[in-house]
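Accompanying notes for the structure given below.
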Amino acid sequence: MRVVVAEDLFLLREGLVRLLKAHGLEIAAAVDSAPGLLEPPTFTDDGLRAALEARKQIPGLPVLVLSQYVEQLYARELLADHAGGVGYLLKDRVFNDDQFIDAVRTVAAGGTMMDPDVVAKLLGRRAKDEPLARLSAREREVLELMAEGRSNSAIAQRLFVTEKAVSKHSTSIFSKLDLIPSDDDNRRVLAVLAYLNS
């Protein structure tokens, strides 16, 4: 796997490069600014804007944002293209290298990894939306864990239920949100987007 690291702080950038290399990842480039990564104009939130611009230039490009704070607009935009392969972690909540490398690999494989605080912020302004109001309390718990990027197995462990029960809840969620099976759409991603955008 080849990785590009964009981080303005020297020590953090070099630390990320060493950590990724130690886990067998190839560093294609390590830059200190958004213009160094792409060539957009400079903005206050360069890293997040660069991530969005990179996804625009190369649709489906896996992008993992490691940020000091939650910027709701950009987080929503990253999730909005339905392509998967996105992550948004908070720097002060990455507690060990295995957790971080797991997030990198999940995003690279097309998965979604969201820090629980990011999910909470995105949901904070949410009003009760009619389709979501149809969900049971347990279905809401399952959907929230989906939004954090958890697999069915991880959700089952977290909620102390079987994986089969999580699958049944997921099917019910898709039905209640009117998400019909389709070869073109990922219902799991669409359900998470409905949850985050409501």
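The values are calculated or read from the model by the stated rules, or taken from the named source; none is laboratory data. Owing to the predicted nature of the structure, the values given are computational and were not obtained by experimental measurement. Glycine also receives a Cβ, built like all others from the backbone with ideal geometry; neighbour counts cover every protein chain displayed. With ligands, DNA and RNA removed, areas are computed over all heavy atoms of the protein, side chains included. Shrake-Rupley method; radii C 1.70, N 1.55, O 1.52, S 1.80 Å.
Quick notes on this one:
- Number of the exception - PRO40 against (1) modelled with pLDDT of 80 or more; (2) open to solvent by less than 80 Å² (accessible area, probe 1.4 Å); (3) not in a helix (DSSP H, G or I); (4) not basic (Lys, Arg): (1)
Every residue, every condition in (1) at pLDDT 90 or above; (2) over 24 Å from ILE58 (Cβ atoms), yes or no:
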residue: ALA75; (1), (2): no, no
residue: ARG93; (1), (2): no, yes
residue: ALA127; (1), (2): no, yes
residue: LEU145; (1), (2): yes, yes
residue: ILE155; (1), (2): yes, yes
residue: LYS168; (1), (2): yes, yes
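- Within the stretch 28-53, residues that are within 20 Å of VAL86 (Cα to Cα) have Cβ atoms under 7 Å from residues that are among the hydrophobic types (A, V, I, L, M, F, W, C) and at pLDDT below 60 in these pairs: ARG49/PHE43, counting only partners at least 6 apart in sequence or on another chain.
- Flag for GLY87 being farther than 21 Å from GLU7 by Cα and open to solvent by less than 60 Å² (accessible area, probe 1.4 Å): no
- Residue check, ALA137 loosely packed, with under 14 Cβ neighbours inside 10 Å and more than 30 Å from ILE27 (Cβ to Cβ): yes
- Scanning the stretch 54-70 turns up one or more residues that are more than 20 Å from GLY149 (Cα to Cα), at pLDDT 80 or above and surrounded by 14 or more Cβ atoms within 10 Å (Cβ to Cβ).
For (1) more than 17 Å from VAL17 (Cα to Cα); (2) in a helix (DSSP H, G or I), each residue gets a yes or a no:
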| position | (1), (2) |
| --- | --- |
| ALA50 | yes, yes |
| LYS56 | yes, yes |
| VAL65 | no, no |
| TYR69 | yes, no |
| ARG76 | yes, yes |
| ALA83 | yes, no |
| GLY87 | yes, no |
| PHE100 | no, yes |
| VAL104 | no, yes |
